[in-house]
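First up is the structure itself, then whatever we jot down about it.
The values are calculated or read from the model by the stated rules, or taken from the named source; none is laboratory data. Not measured: the values here are computed from a predicted model. Using ideal geometry, Cβ is built from the backbone for each residue, glycine included, and neighbour counts are taken over all protein chains shown. We work out accessible area using only protein heavy atoms, side chains counted, and drop any ligands, DNA or RNA first. Shrake-Rupley method; radii C 1.70, N 1.55, O 1.52, S 1.80 Å.
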Amino acid sequence: MKRFITVITILAILSFAWTAFVKPGKEAPRQKTARTEFVHSAKTVETQEPGGALKGLKKFWEFSGFRNVSKGHLIMITIGLFFIFLAIRYEYEPLLLIPIGTGIIIGNIPFYQDGDINLQLGIYQSGSVLNYLYFGVLKGVYPPLIFLGLGAMTDFSSLLSNPRLMILGAAAQIGIFLTFLGALILGFAPPEAGAIGIIGGADGPTAIFLSSRLANGVNMLADGTTVKNLIGPIAIAAYSYMALVPVMQPPIIKLLTSKRERKMRMKPPRAVSKLEKILFPIIGLLLTAFISPSSLPLLGMLFFGNILKESGVTKRLAETARTSMVDIVTILLGLTVGASTQADVFLTPDSLLIFLLGAISFMVATAGGLLFAKFMNVFLKGDNKINPMVGAAGVSAVPDSARVVQTEGLKADPTNHLLMHAMTPNVSGVIGSAVAAGILLSFLG
Amino acid sequence: MSTLLSLSGIFGSIDKQAAVIVLIGYMIVFLALVILYLVFRYLMPWLFKIKLYRRAAKEGRALDDSEKQVLTGEVNAAIATALYLYYDEIHDYESNIITIRKVSRSYSPWNSKLYNMRNLER
């Protein structure tokens, strides 16, 4: 509870600062004062007299971060530091929040910016190192690679032993579609609304993949206008809520379940044969890709990674995919997504709305899975009944939401272990959110 | 009434196409996972059963009840642990090699026999 209050208080302070300093519909100010002098000094640099040391110092000052800093930069740096604080103090997804938090700081170091001059420093300036790395986000290269690693590290045996729980993974995707409607109501264009809706899938790579295709600032709408570039805010919102799963889910779980329901025990999972484990990724790939071909980059890589793992003859490849490769891609993805939140692009009223919609969609998804588990219980008898908390793991934040269910289960009954049961809706949620992303892409792309 | 009117105004902004996307999209997500469920809940066990029957028929015997049983992971873990403990405690074979292990200590006046004996004057 203390954690929850701390996090909410800091978030409220940041939101207040955000709304107070950034006026609606107006971007953070850019520095233009030094422009003419920069051009002038660049032309006359060779003819400067030795006595121009003061002028040189002045120029140095104009190019330093202290001269170009704005309130937006400071707010973003504070957010970056807050992410790092959350990762170190509470260990909320440190593997994601440390690179993203550091990326936010790197992306918001103020430097001289003007439309005509390209210092090749910022992530949006062509030719900069960060811009090259950002290519992987912009073109949706990193998310399928993350899915490959995810497939190589996921054991689907819990899912195979009790496939009934897979449906909970589908039920929790209600968050995606309701948020899509919410975003439309708030005035976002359909492709932008689709990209925002996927935050409800609670899957960072899927959110980046879809936003890079739908809300990339390049695509044209039917009325001839260009879609907004929402990759940064969507990615940050998705990863923030993934990290905040241990804070956000327990209150919803407690609200919607009774103590008796939280104590419910489930039948232990059966042993799964090797053949079943090998067949699952093959059948899963064929079925899901035939149903939703647009989700092929994500699901194809997920199941490919799993085939590497389960085949037993490509141990080296599986090992690389789930360790070194996924680590490298996580570093690059986290850093570039963080750096893409440059104040002048990120601090807009749209971002605040995206964060709000993201939070709602996450709560709706959790509640959707949970209530569907209760609904299923109406038709189930005896020891086949499902502990409703397991439904909350249908949001595909793997394995955090399953871990939350396990923790809450242990709080209700210290001998009731629900982790393996919760992993089924959790991994099927990944499949469900990827299918949903494919559907939105095929409708709106 | 005014609330209802304002609600209808809000939802009026959602066009037909969006509603279709939501309905069809959610249904397809369900469909994909329900098909996977049906395959792994009914089709796979059925295929495995056929495999078992064929094997039994080939060997010219009826299918044993124990073969039809599905063991849980917990039962498997208990059997494996019991077997491990059982084999770990068996001492039916000994190497019969007896050796005296020589322990060498580095020299120090503190462990020297010479200095520790009382040197009586003769």
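Anything in segment A:157-173 that is modelled with pLDDT of 90 or more and more than 7 Å from chain B (Cβ to nearest Cβ)? List them, or say none. Within segment A:157-173, A:165, A:168, A:171, A:172 qualify. Here residue A:161 meets the list (1) over 30 Å from residue A:375 (Cβ atoms); (2) touching a strand residue (DSSP E or B) at 6+ places or on another chain (Cβ under 9 Å); (3) small (Gly, Ala, Ser) almost entirely, failing just condition (1).
Inspection of segment A:222-229 finds a residue satisfying the criterion of being over 20 Å from residue A:100 (Cα atoms), within 12 Å of chain B (Cβ to nearest Cβ) and open to solvent by 10 Å² or more (accessible area, probe 1.4 Å). Of all positions in segment A:132-155, at least one carries a residue that is within 14 Å of another protein chain (Cβ to nearest Cβ), open to solvent by 10 Å² or more (accessible area, probe 1.4 Å) and not hydroxyl-bearing (Ser, Thr, Tyr). Taking the residues in segment A:288-302 that are among the aliphatic types (A, V, I, L, M) and open to solvent by 40 Å² or more (accessible area, probe 1.4 Å) as candidates, determine which candidate is farthest from the other protein chains (Cβ to nearest Cβ). For segment A:288-302, the residue satisfying everything is A:301. Just checking, does segment A:263-282 include any residue being open to solvent by 40 Å² or more (accessible area, probe 1.4 Å), β-branched (Val, Ile, Thr) and not in a loop (DSSP other than H, G, I, E, B)? Within segment A:263-282, one or more residues are open to solvent by 40 Å² or more (accessible area, probe 1.4 Å), β-branched (Val, Ile, Thr) and not in a loop (DSSP other than H, G, I, E, B). Screening segment A:285-386 for helices (runs of 4 or more DSSP H) wholly inside it with 3 or more residues that are in contact with a helix residue (DSSP H, G or I) (Cβ under 6 Å, 6 or more places away or on another chain), more than 22 Å from residue A:207 (Cβ to Cβ) and in contact (Cβ under 8 Å) with a residue 12 or more places away in the chain returns the ranges A:296-311, A:349-379. Screening residue A:418 against (1) surrounded by fewer than 24 Cβ atoms within 10 Å (Cβ to Cβ); (2) over 25 Å from residue A:197 (Cβ atoms) leaves a single unmet condition, (1).
Taking residues in segment A:239-258 that are over 28 Å from residue A:208 (Cα atoms), and partners anywhere that are open to solvent by 30 Å² or more (accessible area, probe 1.4 Å) and assigned to a helix (DSSP H, G or I), the pairs with Cβ atoms closer than 9 Å and at least 6 places apart or on different chains are A:254/A:262; A:256/A:371; A:256/A:374; A:257/A:374.
How about segment A:179-192: which of its residues are at the interface with chain B (Cβ under 8 Å from one of its Cβ atoms) and in contact (Cβ under 8 Å) with a residue 40 or more places away in the chain? The answer is A:180, A:190.
What's the number of the only condition in (1) more than 12 Å from every other protein chain (Cβ to nearest Cβ); (2) touching a Leu at 6+ places or on another chain (Cβ under 8 Å) that residue A:394 fails to meet? Checking residue A:394 against (1) more than 12 Å from every other protein chain (Cβ to nearest Cβ); (2) touching a Leu at 6+ places or on another chain (Cβ under 8 Å), the one that fails is (1). The residues of segment A:400-428 that are under 17 Å from residue A:161 (Cβ atoms) and either under 17 Å from the mean Cα position of the chain (by Cα) or acidic (Asp, Glu) (or both), listed by number, are A:426, A:427.
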